[in-house]
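Every number in this text was worked out from the coordinates using simple rules, so none of it is lab data. No experiment lies behind these values; they were computed from the predicted model shown. We place every Cβ from the backbone using ideal geometry, glycine too, and count neighbours over all the protein chains shown.
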Amino acid sequence: QVQLVESGGGWVQAGGSLRLSCAVSARTFSNYAMGWFRQAPGKEREFVAAISRSGGSTRYADSVNGRFTISRDNAKKTVYLQMNSLRPEDTAVYHCAASQLPVPTMVRMYDYWGQGTQVTVSS
């Protein structure tokens, strides 16, 4: 069983930064590509960023490209999302997810999900 636990969310003013972490309990963390998704009230869950098993390949949604950075530490079994230049429209619950596919961007391609951490950006 793979479990994911997010942390690092909170409240920040527009233009500020937050760093999210996702700790993964899996025998072989490096077997999984990892992704971050977000869901705002009344909206569907949307792709934010993904990283390959080795960390050598990443993908981003257009809305966060250049502001957010995904990374992973396979020794610590943790994936990170550094979020800079935050905007009010980034407000959402952020979920991390694990997939056995290479760098997927769609919700249905992920096998395991965390409960999420709230990020609130005020203007």
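Distance between the C-alpha centers of the range 45-82 and the range 1-35? Whole Å please. For the range 45-82 versus the range 1-35, the Cα centre distance is 10 Å. Given +1 at the Cβ of Lys and Arg, -1 at the Cβ of Asp and Glu and no other charges, the dipole of the chain around its Cα centre is 280 debye to the nearest 20.
The GluC sites (Glu not before Pro) of the range 44-122 that meet both conditions, a loop assignment by DSSP and at most 12 other Cβ atoms within 10 Å of the site Cβ, are E44. Sparse packing (at most 12 other Cβ atoms within 10 Å of the Cβ) combined with a DSSP loop state is found for the following trypsin sites (Lys or Arg not before Pro) in the range 42-88: K43, K76.
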